[in-house]
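The values are calculated or read from the model by the stated rules, or taken from the named source; none is laboratory data. All values derive from a computational prediction rather than experimental measurement. Glycine also receives a Cβ, built like all others from the backbone with ideal geometry; neighbour counts cover every protein chain displayed. All accessible areas refer to the heavy atoms of the entire protein, side chains included, with ligands and DNA or RNA removed. Shrake-Rupley method; radii C 1.70, N 1.55, O 1.52, S 1.80 Å.
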Amino acid sequence: MNREEHEGCTPRSTRRPRKLFFALFVAFVVYPILLSSQDRVAAAKKEGALTLYTTIAEKDLPTLVKPFESKYGVKVTVWRAGTSNVLQRAVQETAAKKYDVDVIHIGAPEMEALAREQVLLPITSPVQNDLQPGSVPAHRQWAATLLSVWVQAYNTKVIDKASLPKTYRDLLDPKWKGKLGVEGKDEDWFASVVDVMGGGETGVKFFRDLVATNGLSVRQGHTLLNNLVISGEVPLALNIYNYMPEQARKKGAPIDWFAIEPAIARSNGVGVARHAPHPNAAMLFYEYLLGDAQQYFVRMDYVPSNIKVTSPLKGIRIVQANPARSLDESDKWTALFQSTLVRRR
């Protein structure tokens with residue numbers, strides 16, 4: 001045994017590769033981030049382009065992308081697809097060491113899956129301090145950009161605003177018998193309300209009591225449920241995305257909404273690819289989506305993750321559904337949702 005091994009030191013033969021690895025890491029990962037903090041805009045303009053993989057609706061992309069391109073002179077090439085396709089492509093290309101994508105924007109559970117596959121780069125940025133609680137996971141490999149918030153919607157011809165429930169427990173009042181409806185696939189909403197109502201068996205018992213006392217009309221699809229509220233067939237719906245009743249209300253439909261707090265939200269997130277070919281442009285776009293672009297998400301009727309931007313749910317406490325739980329325990333909560341709310345009708 002030589003002296004290095006005996007004293008617990010790293011053998012000289014392995015030091016050089018490790019030093020080389022560290023130098024490469026600094027050169028290709030850390031340095032672009034440090035550079036971007038000093039002169040990110042100039043570096044991004046020099047790169048001139050970035051590639052975005054996303055699920056954002058095609059009609060909404062110009063609203064988000066054009067202001068960025070005009071301001072910074074960086075061309076954004078977009079590949080748009082469904083969530084599973086974006087996830088699969090990003091993972092497969094990383095595994096094949098095909099580094100085409102710079103920025104990825106999809107649902108939070110899928111962003112979490114990309115983080116676990118080491119597709120995304122950990123980022124620390126000042127803009128993260130301006131986000132809603134729960135918007136940045138501990139590993140910092142993605143951050144929430146927008147929130148789809150579940151609210152309660154009611155038919156204004158059937159239900160008096162003064163009689164609306166203020167808490168989930170108020171829904172157990174027998175006056176709501178035969179008047180309540182839910183969308184039948186929102187297991188992450190269900191799991192989050194279980195938490196709010198005490199967690200575990202205590203939280204599940206609330207839903208069992210609700211079904212036993214007042215019943216629940218379970219419907220498939222938020223648009224359908226929203227329309228049934230408008231028609232009066234379902235006087236009060238418990239989990240409709242906030243923009244749906246608001247848009248219908250503005251068109252004159254007999255519908256309005258309120259939020260039992262804490263309101264539950266499902267988020268979409270953004271991350272920078274660990275091997276982004278345009279790292280400075282990617283970082284600039286990441287911070288743009290969490291900062292300047294938040295106003296555009298609001299125009300699309302989403303709730304912004306940035307608390308400095310005026311929100312349609314201003315003043316309402318919001319809790320984001322746990323994306324790691326959605327990823328790891330989907331089968332469990334789907335089965336529990338079905339057995340508690342659907343099959344017991």
message = Kirkwood Rh and Cα-based Rg: tell me the resulting Rg over Rh for segment 96-239, rounded to two decimals.
response = 1.09
ask   = Ignoring ligands and nucleic acids, what accessible area does Lys250 show with a 1.4 Å probe (Å², nearest 10)?
value = 140
query = So which aspartates and glutamates pass the test for Lys175, namely a Cα distance under 20 Å, with those fewer than 8 places away in the same chain ruled out?
reply = Asp160, Asp209, Glu233, Asp256
inquiry  = Viscosity 1.002 mPa s, temperature 20 °C: what is the translational diffusion coefficient of the chain from Stokes-Einstein with a Kirkwood Rh over Cα pairs, rounded to a whole number of µm²/s?
reply    = 96
remark   = Among Asn129, His139, Gly184, the residue whose Cα sits farthest towards the positive end of the charge dipole of segment 108-252 (+1 at Cβ of Lys and Arg, -1 at Cβ of Asp and Glu, taken about the Cα centre) is Gly184
query = Of Ser163, Ser70, which has the most accessible area and how do the rest follow, probe 1.4 Å?
reply = Ser70, Ser163
request  = Please list Glu183, Glu261 in order of solvent-accessible area, largest first, computed with a 1.4 Å probe with all protein chains present.
outcome  = Glu261, Glu183
key: Calculated [θ] (222 nm, deg cm²/dmol) that DSSP helices of n ≥ 4 give over the chain, each run adding -39,500 (n - 2.57)   = -12500 deg cm²/dmol
query = Hey, what did the chain get for relative contact order, percent, Cα under 8 Å, at least 6 apart?
reply = 26
key: Peptides ranked, highest mean first, by Cβ atoms within 10 Å: ranges 327-338, 117-128   = 117-128, 327-338
message = Counting only protein heavy atoms and a 1.4 Å probe, tell me what percentage of segment 295-345's accessible area is made up of carbon and sulfur.
response = 47
ask   = Excluding ligands, DNA and RNA, what is the solvent-accessible area per residue of segment 192-252 at a probe of 1.4 Å, expressed in Å²?
value = 40
query = Considering only Cα-Cα distances, which of the following residue pairs are longer than 23 Å: Lys185/Lys250; Lys59/Lys250; Lys161/Lys250; Lys45/Lys66; Lys185/Lys314?
reply = Lys185/Lys250; Lys185/Lys314
task = Quote the relative contact order of segment 222-345 in percent (integer), defining contacts as alpha-carbon pairs under 8 Å separated by 6+ residues.
result = 21
